[in-house]
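Asks: The structure follows.
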Amino acid sequence: MEIKKIATEAAPAAIGPYSQAIEVGNMIFTSGQIAINPASGAVEAEGIVAQAEQVMKNLGAVLAAAGVGFEAAVKTTCFLADMKDFAAFNEVYGKYFTTKPARSCVAAKELPKGVLVEVEVIAVK
């Protein structure tokens, strides 16, 4: 089975030894996206709502590069720096994942670059 790397300049470049996403068969596996502005390479968004919006833009760009959209998501994993942000994060998340894929959402002690949220997606093509 062929493993295809997915890459787009419309989302932040990988900051380590990984791909933005991998396609295997009809499955797309994204790496976790954080609130990096792909144009500047920096975290500019402040607060959970603004950071979650940037994360969704980044995920949307990666999914689009794979030829799918948010509706193709079957599973997400969400990491929050603070569970007190759960309700505000959920409001943003719900605007994008309208098909309600399976999801795990956990608090993480620390996230890369000190961000408040990270999300990864498994989608079907």
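The values are calculated or read from the model by the stated rules, or taken from the named source; none is laboratory data. Being a predicted model, the structure only gives us computed values, none of them experimental. Using ideal geometry, Cβ is built from the backbone for each residue, glycine included, and neighbour counts are taken over all protein chains shown. Side chains included, ligands, DNA and RNA excluded: accessible areas come from the protein's heavy atoms. Shrake-Rupley method; radii C 1.70, N 1.55, O 1.52, S 1.80 Å.
Asks: For the stretch 108-125, name all the residues that are touching a strand residue (DSSP E or B) at 6+ places or on another chain (Cβ under 6 Å), outside any loop (DSSP other than H, G, I, E, B) and not charged (D, E, K, R).
Replies: Result: V117, V119, V121, I122, A123, V124.
Rundown of residues vs (1) closer than 20 Å to A13 by Cβ; (2) assigned to a loop (DSSP other than H, G, I, E, B), yes/no style:
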residue: A61; (1), (2): yes, no
residue: A88; (1), (2): no, no
residue: T98; (1), (2): no, yes
residue: V106; (1), (2): no, no
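Asks: Which condition number in (1) modelled with pLDDT of 95 or more; (2) assigned to a loop (DSSP other than H, G, I, E, B) is the one that V49 fails?
Replies: Against the list (1) modelled with pLDDT of 95 or more; (2) assigned to a loop (DSSP other than H, G, I, E, B), V49 comes up short only on (2).
Asks: Taking the conditions exactly as written (among the β-branched types (V, I, T) and touching a residue at least 24 places away in the same chain (Cβ under 8 Å)), does I3 satisfy them or not? Talk me through it step by step, then tell me what you get.
Replies: Values: among the β-branched types (V, I, T): yes; touching a residue at least 24 places away in the same chain (Cβ under 8 Å): no.
Here the answer is no, as I3 does not meet what is asked.
Asks: Which of (1) part of a strand (DSSP E or B); (2) buried (at least 17 other Cβ atoms within 10 Å of the Cβ) is the odd one out, the single condition V74 does not satisfy?
Replies: (2)
Asks: Looking only at residues in the stretch 77-100 that are closer than 20 Å to N26 by Cα and in contact with an Asp or Glu (Cβ under 9 Å, 6 or more places away or on another chain), which one is surrounded by the most Cβ atoms within 10 Å (Cβ to Cβ)? Write out each step before concluding.
Replies: Step one: list which residues in the stretch 77-100 are closer than 20 Å to N26 by Cα, which gives 77, 97, 99-100.
Remaining after also requiring in contact with an Asp or Glu (Cβ under 9 Å, 6 or more places away or on another chain): 77, 97, 99.
Details: T77: 16, F97: 19, T99: 11.
Across the stretch 77-100, the extreme among qualifying residues is F97.
Asks: If you don't mind, there's one more thing I want to ask. State which residue pairs qualify: first residue more than 13 Å from A61 (Cα to Cα) and inside the stretch 18-43, second residue among the basic types (K, R) and in a strand (DSSP E or B) in any location, beta carbons under 6 Å apart, and separation of 6 or more residues or different chains.
Replies: From residues that are more than 13 Å from A61 (Cα to Cα), the pairs are S19/K5; E23/K4.
Asks: Looking at (1) over 13 Å from the mean Cα position of the chain (by Cα); (2) open to solvent by 50 Å² or more (accessible area, probe 1.4 Å); (3) touching a residue at least 60 places away in the same chain (Cβ under 8 Å), which is the one condition that is false for E120?
Replies: (1)
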